[in-house]
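Engineer: Supplied in C-alpha cells, the structure appears directly below.
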Protein chains: 2
Amino acid sequence: MQFYQLLKSSSDTKARRGVVHTTHGDIQAPFFMPVGTRATVKTLSQEDLHAAGAEVELSNTYHLYLRPGLEIIGGAGGLHRFMSWPKPILTDSGGYQVFSLTDWRKLTDEGVEFQSHLDGSRHMLTPEKVMDIERALGSDMVMPLDECSPYPCEYEPAQEAVRRTTLWARRTVEHFRRTGMGEGGQRLFSIVQGSVYRDLRERSARELLALNTDGYAIGGVSVGEPVKEMFEVLSWVVDMLPEDKPRYFMGIGMPDQIVRAVGMGIDMFDTVIPTRYGRYGTCFTDRGQVVVRNGQFKADFGPLDPECDCPTCRNYSRAYIRHLFNAGEVLGLRLAAYHNVYYYLKLMRRIRQALDEDRYAEFAQEFLARYAAQDGAAPEDKSRAKT
Amino acid sequence: MQFYQLLKSSSDTKARRGVVHTTHGDIQAPFFMPVGTRATVKTLSQEDLHAAGAEVELSNTYHLYLRPGLEIIGGAGGLHRFMSWPKPILTDSGGYQVFSLTDWRKLTDEGVEFQSHLDGSRHMLTPEKVMDIERALGSDMVMPLDECSPYPCEYEPAQEAVRRTTLWARRTVEHFRRTGMGEGGQRLFSIVQGSVYRDLRERSARELLALNTDGYAIGGVSVGEPVKEMFEVLSWVVDMLPEDKPRYFMGIGMPDQIVRAVGMGIDMFDTVIPTRYGRYGTCFTDRGQVVVRNGQFKADFGPLDPECDCPTCRNYSRAYIRHLFNAGEVLGLRLAAYHNVYYYLKLMRRIRQALDEDRYAEFAQEFLARYAAQDGAAPEDKSRAKT
C-alpha cells in the first residue's frame, strides 16, 4: 500500500487531507506527534495518549541510543514493545541533538563524532550507523542524519550543510535499501536544509527529490529565526514537494503556526511545546494561554479551558491545579500537560474535520483571529533549543 | 444510619468484616486510605484512585490549612469539591505534623503554637480551632487535636501527653456538638495515646471511651518503636474498644503489619508507604519488594509483579520502568506508585474476601509465610517520620 494517500485537497487553500499507512496502523493527516524524547511523553502514560487520541509518537534516537541503549530496546523486541506503544512511531536521526546538546563534536563528511551529554563518553554517528540504530528501534518513520544549520548562519556554512546533508542522504538511501529496511515496513524521509537562503533551500529540495525518499521534511526551522522567515522558508520549499508523499515541518510549533502551515500544505508536526509549557503551568486555549500558576487563578474554580472536554478540564479547577503547582505536586504538571497534548490533538481533529468539509480557509481565518486576539500573546517559540 | 456496621466476625481470629456509612458513600471495611497530604495522592489522579478501587482518601489538615488555606477550599465548597473526590475523606488533626515538621512550637493546655514550615509565620491550633478547620474542609471523618509522644519517651511526659489528649478530646467533643458537625454528617474519632506504657494506654482508652466518640484511633504508633512493641500496644488497647465503632491504627503500615493488625481487630489503615516507596522505585509484591531501579532489572522485560493485574503490570516492563527512573522521568514514579497503591487496595479486597468466606486465619498464615520468605525483607517502617 502507498505510504501517503491523499484523500482530499482543500479548494481554497493548499491544505491536504490524507492518511499515512504504516505497518503499525494508519494515521489520519494532517497530524501532530507528541514527543517522547526518552521513550515517554513527559508525565503521560501510553493509556493517556490513547485516550487523548494520539495516533503516533515521536521518539529521539540520540537519547535512546545513549540510554537505555540498543541492547535493552532490542532485547525488548524494539521500541514499540519497549515503551508499550503499539501504534506508529517516528524517530529522528539524533543529528539535531548532537548539535544542540553536546559540548564537543567533530563534523566531517564521514559523520559526526561527539561526547555524550550524560557521561562524556565518545560516540560516532554516520548516516549508516543512524540507519542501523533506527532499524534496531524498529520505528515506522525514520529520519536520516542531516546537518542542521543554526540561526543566524552565514551563507557559506549553510551551503556546506546542504552539500553534506545531500551527501549523507545519498548514503542513507543506499544503506536503507541494502539492509532491506523498506521491506521491513520502515519508511525513510529526507530533510531539506539551507537555512534562510532561498537558493540553498531550493537546491537542497531538488537534490533530495532526486533520491525519491518516502517522505520529505523541512528541517533547520524553529531554531531561533523570526516566525516570518520560518514561513518564508516553508513557502519556498513546500510547493516543490510531490503530492503523493507526506510533508513534515520539523519541530513546529505554536497552535496558530500549525494552522497556518497546514494551510500551506504541511501534513506532519511535532513539538515539545504542549508538554514543556504544561510543565511550567502554561495551558493552551483558543482564546489564549492560561498561566495557571498566576495569582489571579487562586480562587478560580472554573476549568482550565471552558471549551475543552478533556479529563483535566472536566474534573479539576484552575484553583486546584494552581495549588498543585504551588505545592510542587507532580499531578499539577501531569494535568496541565495532558490538557495541552489533548488540545493539540483535538486541534488536529478540528483541522481534519474542516478539511473533510472543505472549509479550511474559513476555519483558519476564524481560528487565527480568535487566537491573535488573546491577551498575553504567545511568546516566541524557543521550544527546540534544548530537546 | 449507624456509622459502623459489623457484618461478620471472624471465627478463628479477632478480625471484623464491616462497613462504614458516610454521607459521601459506604466504605467496605477493613480498608486502606491512600494519603493525599496536600489534597493529592502523590503522582496519582482521582481517576487513577477510582480505577484502583479506592473508596476513601485521607488528607492533612496542617498542610491544607497553611496552603492553599481555608478561604480557597471553603470557596470551592469544601475539600471534596476542591480536590474533585466525591467519595469519603478522613482528615487528620494536624497535631502530628506540628510535632514532626515545625522547628518551633509551644505546647500548653490551651493548644499548640507553631511556626509554619513554609514561611515561618506563627499559628495557633486549639482543639476548637482544629474542629472549625475540619468543619470548613467538610471531611467525613475528623480527627481531634492530640499530643503524640515521640519514641523513645519517658513515663512522665507520656503521662502528661495522655492527660492533655483527654483534656483536648473533651473540649473537641463539646465543640463538635455545639457547632452541629454531627448533624452535618461528620463523624468524630478520638485518639488513644500513652506511648509504650500499658497503664497509660489503658487509662487513655478508658478516658476516651467515656466520651463516646464515633470511632477510635490508636495513635503514637509507628513513630520509631520496634514493631514488636507496636503490636503490644495494639493488643493492650484493641480489646477495650467497642464492637460497634470503627478502629483505626494510625499510620500503619507494611503489608504484613496490616494483615496482622486486621487479625487483631483493626478496621482502618493509612500510610504513605505505597506512594513514598513507589517514588523511590520500590514496589510491593506478595513475594517481596522489587527495587526496580536495581541493575538486575536492566533487561527484565517481565512485569513489576507477575501476580498483579494493575495497568502498570499489564502494560509495562521492569526494564522500561527502570529506564524511566534512570532518566528521571516522572512517569516512572507514577507507574510504581500506582502499582503500590493498587497492591494495597487489592490486599484489602483479598482480606475482606477471606473474611467474607470466614477463612482469615488461613489467609493470614499463608500471606505472612510467603511475605516473610521474601529476599530483601522489608526495612523498618520509617514512613511517618516526615509526613
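Each value in this text was obtained by applying a stated rule to the coordinates, not by laboratory testing. Keep in mind it's a predicted model, so treat the numbers as computed, not measured. Cβ coordinates were reconstructed from backbone atoms using ideal geometry, including for glycine residues, and neighbour counts include every protein chain displayed.
Engineer: Report the gain in length on full extension from B:MET1 to B:ASP244: 0.36 nm times residue separation, minus Cα-Cα distance, nm rounded to one decimal. If you can, show how the numbers build up before the last one.
Structural biologist: On the way: separation 243, 0.36 × 243 = 87.48 nm, distance 1.24 nm.
Extending this stretch completely gives an extra 86.2 nm.
Engineer: Nearest 500 deg cm²/dmol is fine: what mean residue ellipticity at 222 nm does the protein assembly as shown get from its DSSP H runs of n ≥ 4 alone, each adding -39,500 (n - 2.57), divided by its residue count? Write down the numbers at each step before the final one.
Structural biologist: Working: 30 runs with 321 residues, N = 774.
Helix-only estimate at 222 nm: -12500 deg cm²/dmol.
Engineer: Return the Cα extents of the protein assembly as shown along principal axes one, two and three, sorted largest first, each rounded to a whole Å.
Structural biologist: Principal axes ranked by extent give 91, 56, 45 Å for the Cα atoms.
Engineer: Of the DSSP beta bridges with both residues in chain B, give the percent that are antiparallel, rounding to the nearest 5.
Structural biologist: Values: 21 of 42 bridges.
In chain B, DSSP labels about 50 percent of beta bridges as antiparallel.
Engineer: At 37 °C and a viscosity of 0.692 mPa s, what translational diffusion coefficient does Stokes-Einstein give for region A:111-171, taking Rh as the Kirkwood radius over Cα pairs? Give it in µm²/s as a whole number.
Structural biologist: Details: Rh = 13.1 Å.
The calculation lands on 251 µm²/s.
Engineer: Under the 0.36 nm per residue contour assumption, what length would be gained going from the current alpha-carbon distance of A:ARG178 and A:LYS298 to full extension? The partial results should precede the final answer.
Structural biologist: On the way: separation 120, 0.36 × 120 = 43.20 nm, distance 6.05 nm.
The A:ARG178-A:LYS298 span can extend by a further 37.2 nm.
Engineer: Please work out the Cα convex hull volume for region A:4-271 and give it in Å³ per residue. Let's see the in-between values first.
Structural biologist: Values: hull volume 33.0 nm³, N = 268.
Dividing the Cα hull volume of region A:4-271 by its residue count gives 123 Å³.
Engineer: Per the Kirkwood definition applied to all pairs of different Cα atoms, how many angstroms is the hydrodynamic radius of region A:278-372? Kindly include the intermediate steps, with their values, before the conclusion.
Structural biologist: Numbers: mean 1/r = 0.0720 Å⁻¹.
About 13.9 Å for region A:278-372.
Engineer: Out of all DSSP beta bridges in region A:184-333, what portion is antiparallel? Express it as a percent rounded to 5.
Structural biologist: Values: 4 of 13 bridges.
Within region A:184-333, antiparallel bridges account for around 30 percent of the total.
Engineer: Return an integer: the convex hull volume of the alpha-carbon atoms of region B:93-203, in Å³ per residue. List each step's numbers first, then the result.
Structural biologist: Values: hull volume 11.4 nm³, N = 111.
With only Cα atoms used, region B:93-203 gives 102 Å³ per residue.
Engineer: Same structure again: Starting from 0 in steps of 10 Å, tell me what percent of the Cα-Cα pairs of region A:11-114 lands in each bin.
Structural biologist: Values per bin, smallest distances first: 13, 38, 30, 16, 3, 0.
Engineer: Now for a different question. Each residue of region A:129-137 in turn: what ³J(HN,Hα) in whole Hz from Karplus with 6.51, -1.76, 1.60 and θ = phi - 60°, glycine and Pro shown as x?
Structural biologist: 4, 4, 5, 4, 5, 5, 5, 5, 5
Engineer: Could you give the distance between the Cα centres of region B:136-150 and region B:230-292, to the whole Å?
Structural biologist: Distance between centres, Cα-based: 19 Å.
Engineer: Calculated FRET efficiency, B:ASN212 and B:THR108, Cβ-Cβ r, R0 35 Å, to nearest 0.05? The partial results should precede the final answer.
Structural biologist: Numbers: r = 27 Å, r/R0 = 0.77.
Once the sixth-power term is evaluated, E becomes 0.85.
Engineer: Could you give the nm distance between label points at B:LYS8 and A:GLU160, where each point is 7 Å from its Cα heading toward the beta carbon?
Structural biologist: Here the answer is 8.0 nm between the modelled labels.
Engineer: Then there's this: Nearest 0.05, what FRET efficiency do A:SER116 and B:ARG287 give at R0 = 30 Å with Cβ-Cβ as r? Walk me through the numbers before you get to the answer.
Structural biologist: Details: r = 37 Å, r/R0 = 1.24.
Here the calculated transfer efficiency is 0.20.
Engineer: OK, next. For region B:78-213, build the charge dipole from Cβ charges (+1 Lys, Arg; -1 Asp, Glu) around the Cα centre, then report which of B:GLN193, B:TRP104, B:PRO88 sits farthest towards its positive end.
Structural biologist: Of the options given, the answer is B:PRO88.
Engineer: Still on this structure, I have one more. Give me the inter-chain shielding for A:327-339: mean count of other chain Cβ atoms within 10 Å, whole number please. Mind showing how you got there, number by number?
Structural biologist: Values: counts 9, 1, 8, 10, 14, 1, 2, 6, 2, 0, 1, 1, 0.
For peptide A:327-339, the averaged partner shielding equals 4.
Engineer: Quick one: which of A:LYS346/B:LYS42; B:LYS8/B:LYS245; A:LYS298/A:LYS346; A:LYS87/A:LYS129; A:LYS228/A:LYS346; B:LYS87/B:LYS129 span more than 22 angstrom between C-alpha atoms?
Structural biologist: On the way: A:LYS346/B:LYS42 28 Å; B:LYS8/B:LYS245 14 Å; A:LYS298/A:LYS346 28 Å; A:LYS87/A:LYS129 25 Å; A:LYS228/A:LYS346 26 Å; B:LYS87/B:LYS129 25 Å.
Over 22 Å Cα-Cα: A:LYS346/B:LYS42; A:LYS298/A:LYS346; A:LYS87/A:LYS129; A:LYS228/A:LYS346; B:LYS87/B:LYS129.
Engineer: Residue by residue, what Karplus-based ³J(HN,Hα) values in Hz, rounded to whole numbers, does region B:312-326 have, using 6.51, -1.76 and 1.60 with θ = phi - 60° and x for Gly and Pro?
Structural biologist: Using θ = phi - 60°, the values come out as 4, 6, 6, 10, 10, 9, 4, 4, 5, 5, 4, 4, 4, 5, 4 Hz.
Engineer: Another question, if that's okay. Within the protein assembly as shown, what percent of beta bridges assigned by DSSP are antiparallel, to the nearest 5?
Structural biologist: Looking only at bridges with both residues in the protein assembly as shown, the antiparallel portion is about 50 percent.
Engineer: Around A:ILE191, which amide H atoms from residues at least 5 apart in sequence, or from another chain, sit under 5 Å from its own amide H, with H modelled in the peptide plane?
Structural biologist: The list, which skips near neighbours in sequence, is A:ALA217.
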